[in-house]
Amino acid sequence: MTSTVVLDLEGADLGLDEMIRGARQFQEAREGDALLRLVTTQPETLASYVKTKFPRPDLVEVVRAEQEYPKEVPSPVKTYRDLPECSINVGMRMIKEKHDHVFISPGNTGLVMTSALFTLGRFKGYERIPIGVAFPTVIANRPVFMLDGGSNVDVRPEHLHQFARLGGTFASEVWRRPNPKVALLSNGVEDYKGTEAVREASKLISADPSINYIGFVEGQTMFDGHVDVVICDGFVGNLVLKALEGFSGHLTRYVRSELSRNPWVVMTAGAALKKIFHRIKKSLDYTEYGGAPLLGVNGYVVICHGRSNSNAIKNAIREGVRLVESGLLKKLAENSHPNQKAG
């Protein structure tokens with residue numbers, strides 16, 4: 001399947017140039033023929049750059065967005081309605097009913113979610129649309145997938161059950177993990193632990209034969225590689241995400257500081273330390289995971305961090321293509337509850 005990547009170039013903290021570098025790096029690194037459709041309010045600026053700097057300018061299209069959207073969006077619904085020709089809305093319309101397309105944006109998360117919900121609609125059986133986040137584990141090249149990463153703060157037990165179905169299907173189809181293990185994040189592994197919503201969700205998930213549910217998992221063990229998918233509400237998930245982002249940055253600075261205080265260690269074991277430190281830094285670097293898929297909507301959508309650099313954008317495009325090639329949407333359609341209306 002030839003994939004089409006619709007990339008929103010607006011809204012990135014590091015600006016248009018960094019977004020373009022990421023798209024160019026994707027073409028430089030990847031063997032394939034994915035079409036890049038770049039949505040921007042400055043199409044004239046990009047035309048000559050694409051022709052001269054991109055390895056495959058024949059696989060790049062520049063699409064005009066007539067309206068700019070603000071970085072701060074107090075009301076995503078109002079902004080969605082007031083700015084129909086902003087890059088997020090333009091890009092989202094481009095992927096509607098096209099399952100060989102993926103939309104990627106570093107813009108306002110609330111606006112991306114609102115546009116996806118109103119433009120693409122939900123699959124049957126999924127009342128909320130969670131964000132999935134990949135985290136490294138102690139097992140190399142075996143990340144854990146957590147959802148929700150922050151889009152749904154208040155949830156009911158049935159929503160957590162739906163997240164478990166989404167997460168399990170994602171791990172199976174995209175990561176190709178047979179019968180992935182799914183767990184609920186809680187403050188203990190005993191049945192009586194957790195909030196009332198978590199305990200009720202556990203009962204619902206346990207009764208679902210389509211989910212390989214292994215029970216509760218605690219924060220200190222969710223990264224040991226024994227579980228594939230961790231489910232929680234968006235409030236808890238966002239706390240986990242930001243705490244780990246902060247800690248990984250602190251750890252990197254701490255190691256650098258310690259090495260600078262002990263130059264003799266660097267001199268005697270410099271090459272080995274440098275290699276080890278590089279591996280640790282890379283495994284904790286969020287840019288290596290690119291972006292976070294928005295699940296439950298009838299289309300492929302990847303949300304990037306606002307401060308994404310070119311490496312993050314390159315990897316987000318890579319993961320977007322991987323989503324399309326997985327055929328995830330077809331599987332989600334098959335697994336949706338028939339007694340639930342589509343959004």
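Does residue 171 qualify as being among the small types (Gly, Ala, Ser), touching a Phe, Trp or Tyr at 6+ places or on another chain (Cβ under 7 Å) and either surrounded by fewer than 15 Cβ atoms within 10 Å (Cβ to Cβ) or in a helix (DSSP H, G or I) (or both)?
Details: among the small types (Gly, Ala, Ser): yes; touching a Phe, Trp or Tyr at 6+ places or on another chain (Cβ under 7 Å): yes; either surrounded by fewer than 15 Cβ atoms within 10 Å (Cβ to Cβ) or in a helix (DSSP H, G or I) (or both): yes.
For residue 171, the condition - among the small types (Gly, Ala, Ser), touching a Phe, Trp or Tyr at 6+ places or on another chain (Cβ under 7 Å) and either surrounded by fewer than 15 Cβ atoms within 10 Å (Cβ to Cβ) or in a helix (DSSP H, G or I) (or both) - is met.
Which residue out of 189, 133 is surrounded by fewer than 21 Cβ atoms within 10 Å (Cβ to Cβ) and closer than 23 Å to residue 240 by Cα? Steps first, answer last, please.
On the way: 133 fails: surrounded by fewer than 21 Cβ atoms within 10 Å (Cβ to Cβ).
Result of the check over 189, 133: 189.
Here are 128, 165: which of them is in contact with a His (Cβ under 6 Å, 6 or more places away or on another chain), basic (Lys, Arg) and buried (at least 17 other Cβ atoms within 10 Å of the Cβ)?
Working: 165 fails: in contact with a His (Cβ under 6 Å, 6 or more places away or on another chain).
The match here is 128.
One residue is enough: does the stretch 120-128 have a residue meeting the conditions aliphatic (A, V, I, L, M) and not assigned by TED's automatic domain parsing to the domain that holds residue 95? Spell out the reasoning first.
Restricting attention to the stretch 120-128, the residues satisfying the condition of being aliphatic (A, V, I, L, M) are 120.
Next, from what is left, pick out any that are not assigned by TED's automatic domain parsing to the domain that holds residue 95: none.
Looking through the stretch 120-128, none of the residues is aliphatic (A, V, I, L, M) and not assigned by TED's automatic domain parsing to the domain that holds residue 95.
Condition first: aromatic (Phe, Trp, Tyr), modelled with pLDDT of 95 or more and outside the structural domain of residue 302 (by TED's automatic domain parsing). Can you find one or more residues in the stretch 95-107 that meet it? It would help to see each step written out before you state the result.
From the stretch 95-107, those aromatic (Phe, Trp, Tyr) are 103; that's our starting set.
The next check asks that each one be modelled with pLDDT of 95 or more; those that pass are 103.
Next, from what is left, pick out any that are outside the structural domain of residue 302 (by TED's automatic domain parsing): none.
No, every residue in the stretch 95-107 fails to be aromatic (Phe, Trp, Tyr), modelled with pLDDT of 95 or more and outside the structural domain of residue 302 (by TED's automatic domain parsing).
Of the numbered conditions (1) closer than 14 Å to residue 320 by Cα; (2) under 20 Å from the mean Cα position of the chain (by Cα); (3) modelled with pLDDT under 95; (4) not hydroxyl-bearing (Ser, Thr, Tyr), residue 36 fails exactly one; give the number of that condition.
(3)
Do we find a residue being within 25 Å of residue 323 (Cα to Cα), buried (at least 21 other Cβ atoms within 10 Å of the Cβ) and modelled with pLDDT under 90 anywhere in the stretch 7-14?
Looking for residues that are within 25 Å of residue 323 (Cα to Cα), buried (at least 21 other Cβ atoms within 10 Å of the Cβ) and modelled with pLDDT under 90, one finds at least one in the stretch 7-14, hence yes.
Can you tell me which residue is nearest to residue 317 (Cα to Cα) among those in the stretch 54-82 that are among the basic types (Lys, Arg) and at pLDDT 90 or above? Full working, then the answer.
Filtering the stretch 54-82 down to residues among the basic types (Lys, Arg) leaves 56, 64, 71, 78, 81.
From what is left, the residues that are at pLDDT 90 or above are 56, 64, 78, 81.
On the way: 56: 15, 64: 20, 78: 29, 81: 27 Å.
Among residues in the stretch 54-82 that are among the basic types (Lys, Arg) and at pLDDT 90 or above, the one nearest to residue 317 (Cα to Cα) is 56.
Does residue 150 fit the bill of being in contact with a strand residue (DSSP E or B) (Cβ under 8 Å, 6 or more places away or on another chain), closer than 30 Å to residue 114 by Cβ and assigned to a helix (DSSP H, G or I)?
On the way: in contact with a strand residue (DSSP E or B) (Cβ under 8 Å, 6 or more places away or on another chain): yes; closer than 30 Å to residue 114 by Cβ: yes; assigned to a helix (DSSP H, G or I): no.
In short, no.
Restricting the search to the stretch 135-174, which residues are among the small types (Gly, Ala, Ser) and within 22 Å of residue 304 (Cβ to Cβ)? Break it down into steps so the answer makes sense when it comes.
Just the residues of the stretch 135-174 that are among the small types (Gly, Ala, Ser), to begin with: 140, 149-151, 164, 167-168, 171-172.
149, 150, 151, 167, 171 - these are the residues of the stretch 135-174 that are among the small types (Gly, Ala, Ser) and within 22 Å of residue 304 (Cβ to Cβ).
The values are calculated or read from the model by the stated rules, or taken from the named source; none is laboratory data. Just so it is clear, the structure is predicted and the values come from calculations on it, not from any experiment. Every residue, glycine as well, gets a Cβ built from its backbone with ideal geometry; the counts of neighbours run over all protein chains shown.
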